[in-house]
Amino acid sequence: MTEATRPLPVPPEAPVGGATSTSEATPTPGINVTRLLAEAAGKAGVLWIRVPEGTTHPAWYVWHDDGDPRGTGPAAYVISGVGEQSLPWLPEQVEVILRSKDNGGRLLTIGAAVREITPASPEWDAAVAVVRPGRLNLVGAPEEVEARWRAGCTVHVLTPVGRPVEQPGAYAAQTGSRVVTPAAGTTVGKGPWHLGGRPASRRGTVRPVP
């Protein structure tokens, strides 16, 4: 299981005691939101994308800062498609939720403009140059990986815009956690047929679930 395809956690809860937020959080005195965004996004590796109708999707990403000449920053580059993480169609505007590395709680929620980069786009090669170094556990030579991405993947560039919706000192009252629905159980069937019967040492035993 790879870094980009392993199951990801539910949206993190805000730290206990945060204030209720409105449509945009009132800046908390003493907090540099630009610096907080750069620090949170540059270290997390996983963010949550909230689309307007309310569904939230975890996503692995690569943070691209202002000083990097390979693309347009600051922004989060997210790749999805064949062999990578699955994401729904993303509208032009979403919200991104960043968590704290210290306690895993919700740290910052901010709006983001979405730009889709397809393999047909002239920006594709530059976007791949941003994503590829951060993609762990790649299988295959770089040219094979890029060919797979070109055949069935899309890169979304999420650029933070506006004031935060949530930030330290101004969090939504409701929790961001979700109950994970357990998967259906697997019924163990009969073991495979063996010529001459099963070995005596294993007769009457149940085949373990893989």
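The values are calculated or read from the model by the stated rules, or taken from the named source; none is laboratory data. Predicted model, so just to flag it, every value in this text is computed and none were measured. A quick note on method: Cβ atoms are made from the backbone with ideal geometry, for glycine too, and the neighbour counts reach across all protein chains shown.
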**Report entry** Residues located in segment 98-116, provided they are surrounded by 22 or more Cβ atoms within 10 Å (Cβ to Cβ) and among the aliphatic types (A, V, I, L, M)
**Finding:** Leu98, Leu107, Leu108, Ile110, Ala112
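Right, Ala44: modelled with pLDDT under 80 and surrounded by 15 or more Cβ atoms within 10 Å (Cβ to Cβ) or not?
Considered against the rule, which asks whether it is modelled with pLDDT under 80 and surrounded by 15 or more Cβ atoms within 10 Å (Cβ to Cβ), Ala44 comes out as yes.
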Report task. Could you check Val155 against (1) free of Cβ contacts under 8 Å to residues at least 60 places away in the same chain; (2) in contact with a helix residue (DSSP H, G or I) (Cβ under 7 Å, 6 or more places away or on another chain) and say which number it fails? Result -> (1)
Requested in this report: Give segment 143-165 a look and list any residue that's among the aliphatic types (A, V, I, L, M) and part of a strand (DSSP E or B), or say none.
Outcome: Val155, Val157, Leu158, Val161, Val165
Query raised in the report: If we keep just the residues of segment 117-164 that are of a type in the set (Gly, Ala, Ser) and modelled with pLDDT under 85, which is farthest from Pro58 (Cα to Cα)?
Result: Ala141
Requested in this report: Consider Pro69 carefully, then state whether it is buried (at least 17 other Cβ atoms within 10 Å of the Cβ) and at pLDDT 50 or above.
Outcome: no
Query raised in the report: outside any loop (DSSP other than H, G, I, E, B), surrounded by fewer than 19 Cβ atoms within 10 Å (Cβ to Cβ) and either at pLDDT 50 or above or out of contact with any Cys (no Cβ under 8 Å at 6 or more places or on another chain) (or both), is that true of Thr34?
Result: yes
Report task. Filter segment 124-142 for residues that are free of Cβ contacts under 8 Å to residues at least 40 places away in the same chain, part of a loop (DSSP other than H, G, I, E, B) and not aliphatic (A, V, I, L, M) and give the result. Result -> Gly140
**Report entry** Residue among Ala120, Ala127 that is small (Gly, Ala, Ser), within 16 Å of Ala151 (Cα to Cα) and loosely packed, with under 15 Cβ neighbours inside 10 Å
**Finding:** Ala120
